[in-house]
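Here the structure comes first, spelled out in structure tokens, and everything after it is commentary.
FYI, it's all coordinate maths here, none of it is from the lab. It should be emphasised that the depicted structure is a prediction, and the values quoted were computed from it without experimental measurement. Backbone-built Cβ (ideal geometry, glycine too); neighbour counts: all protein chains shown.
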Amino acid sequence: MELTALDEKIKDAVTYFWYTRAKQLSEQRGRNTVDQGNRGAVTGGKQMNGFIEILTAIAVEAGVPKNCIHTAANFLPGYFRPSKDWDFLITTPTKRMVCAIELKSQVGSFGNNFNNRTEESLGSSLDLATSLSEKSFSFSLMPWVGYFVLLEHSAASTRTVRVQQRLYDVRPEFQGTSYLDRYDLFCKRLMTKKLYNHASVLWSKPDLSFGDCSEETSLRTFFRSYSANLQFRMEEFN
């Protein structure tokens, strides 16, 4: 996919995210549903569908048959738990797994949810890798595993956050950081420690502006890595 077309699709996906989120919150209020904070929008789902569409378009353009692209009910057998529902999967016609991707978002509630997000993503990667090594699948080749998070850019996510330490000192690189900084560092370390082939964080505001934290964790780089893996394994679809 050409860069110009990709940039337009990312813009459309960001617009879809904020539009869908606002619509879900409005519907929740219209039904007078008792809701805590943003929970209605978080649990409403489908906000990340614009990014799912980009992943699908890149795969189809590469030559992946549509029936090998899975965007719902992607339950993979686990090792530490029975199964995990991944957001996006591609399998070959013989059911070998080519990629598994998680897509997350966070708007507000940064203090409450940052640790939850990190623990979820670490657990998902470990569980999948262990399940593969313990022969839960008929194949042993690890798929390309991706992690992407869209983070609201706001005063709360960009200001310096105090670290919690008492008995032992927190690592110095966490000192003087915002939640946006921490997500960027987290994604880099997911890749450094080979827990994910690529991890990306995209910041965005309700005014539909968006941007990257670093080239290493940029969404463009994420899509390039994803596309390269598809090209590498294309012969398995023949």
Near-label residues of the range 82-106 by backbone N, under 12 Å of a point 7 Å along Cα→Cβ of D12: none
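For the pair A5 and K46, what calculated FRET efficiency results from E = 1/(1 + (r/R0)^6), where r is the Cβ-Cβ distance and R0 = 25 Å, to the nearest 0.05?
Numbers: r = 23 Å, r/R0 = 0.93.
After rounding to 0.05, the efficiency reads 0.60.
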Mean residue ellipticity (222 nm) of the chain, computed from DSSP H runs ≥ 4 via -39,500 (n - 2.57), nearest 500: -14500 deg cm²/dmol
Table column - 3J(HN,Hα) (Hz), the range 164-179, Karplus curve with 6.51, -1.76, 1.60, x for Gly and Pro: 9, 8, 9, 6, 9, 7, 5, 4, x, 5, 8, 6, x, 10, 9, 5
Amide H within-cut-off set for K84, under 5 Å, with H built and near neighbours excluded: L76, G78
Theoretical gain in end-to-end length, T118 to R159 [0.36 nm per residue, Cα-Cα removed]: 12.8 nm
Convex hull volume per residue in cubic angstrom - Cα atoms of the chain: 149
HN-Hα J in Hz across the range 47-61 - Karplus 6.51, -1.76, 1.60, θ = phi - 60°, x for Gly and Pro: 5, 8, 4, x, 6, 4, 5, 5, 4, 5, 4, 5, 5, 5, 4
Other-chain or far-sequence residues with amide H under 5 Å of S105's (modelled H): L150
The chain: most fluctuating residue of R162, R171, R96 per GNM, C-alpha cutoff 10 Å: R171
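Calculate the FRET efficiency for S140 and R224 from the Cβ-Cβ distance with a Förster distance of 45 Å, rounded to the nearest 0.05. Don't skip to the end; give the middle numbers.
Details: r = 26 Å, r/R0 = 0.59.
Rounded to the nearest 0.05, the efficiency is 0.95.
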Derived scalar couplings ³J(HN,Hα) [the range 127-139; Karplus, 6.51 cos²θ - 1.76 cosθ + 1.60; whole Hz; x for Gly, Pro]: 5, 5, 4, 5, 4, 5, 5, 8, 6, 6, 10, 7, 10
